[in-house]
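Read the structure below first, then the notes.
Coordinate-derived values only; no laboratory data. The structure presented is a predicted model; accordingly, all values stated were derived computationally and were not measured. When we count neighbours, we look across all protein chains shown, and the Cβ atoms used for this are built from the backbone with ideal geometry, even at glycine.
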Amino acid sequence: MKRFLHYLVVKGIVIALVSTGAIAEDRLSSTTDETAPAAVSRQATSASFTTFKNYPDHTFHLKVKEYINGMKKGGHNLLIWRDSANLSQYRSVKVAEFGGRLLPQQNGFSYDPYVALFNSVFRSAVKLPQEDSPDSLLIEGAVVECNPGSRAARAWVGMGAGRAGGAVVCEIYEPGKASPCIRIYTRDTGASGNWGGDSNLMLNNILSTVATRLATTLNTTVVVR
């Protein structure tokens, strides 16, 4: 009986902590929602944020809604925007290394192994002809979310609490063009496993899944002759 009461007390504390975090997150979302119309208005009159390259370091998580504005669903957990460019006139692509400079600042762990894993899986999954040529389409992007979530919340609360999450953006450029002709945003989450699961393995799985999904989309969307 004492063990059961102890379990209830601990679970109640965890739920309270998670609820506090959720409230803070809701407030942040509300603030973002309130500023979204102004951001969209600025985007309509300026090309400042038509590419991920123009976002300052560590700030993308505050601007996700702005970046995906105007995108359409292009597959499972994937949004895409493209212009009318005829990509079939090109023979190859050049894949640049995806970086992690847009990820939020934190001191808990290093993003580097996860960014490296994404790049490894993505490069091996891209089946388009690759060539380091000035006449090739340029594929660039960044890992913009790499969040291990909370193992305690996953174990004690459940119902999606404490989810791990990973996301990337990808852009395709025609030779000599400063603006992308295709922009893609794809994200995935995870919350399974015994006692909340292993956060490291969960992030590895999420970023591998996102990398494969993105590569598959490019393999079928970008038609080169």
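For Asn54 and Asp135, the difference between the fully extended length at 0.36 nm per residue and the C-alpha to C-alpha distance is 26.8 nm. So what does the Cα-only Debye profile of the range 59-152 read at q = 0.21, 0.22 Å⁻¹, as log10 I(q)/I(0), no solvent term? Relative scattering, expressed as log10 I(q)/I(0), comes to -1.31, -1.35. Between Met71 and Gln106, the modelled label-to-label distance comes to 2.0 nm, taking each label 7 Å out from Cα in the direction of the beta carbon. Using the Kirkwood radius built from alpha carbon pairs, what does the Stokes-Einstein equation give as D for the range 47-221 at 4 °C and 1.567 mPa s, in µm² per second? Answer from the Stokes-Einstein relation: 77 µm²/s. Across the range 47-221, the mean sequence separation of Cα contacts (distance under 8 Å, 6 or more residues apart), normalised by length, yields a relative contact order of 25 percent.
With a simple spin-label model that places each label point 7 Å from the Cα along the Cα-to-Cβ direction, the separation between Ser124 and Thr216 comes to 1.7 nm.
From most to least packed by mean Cβ count within 10 Å, the peptides 92-98, 174-180 give 92-98, 174-180.
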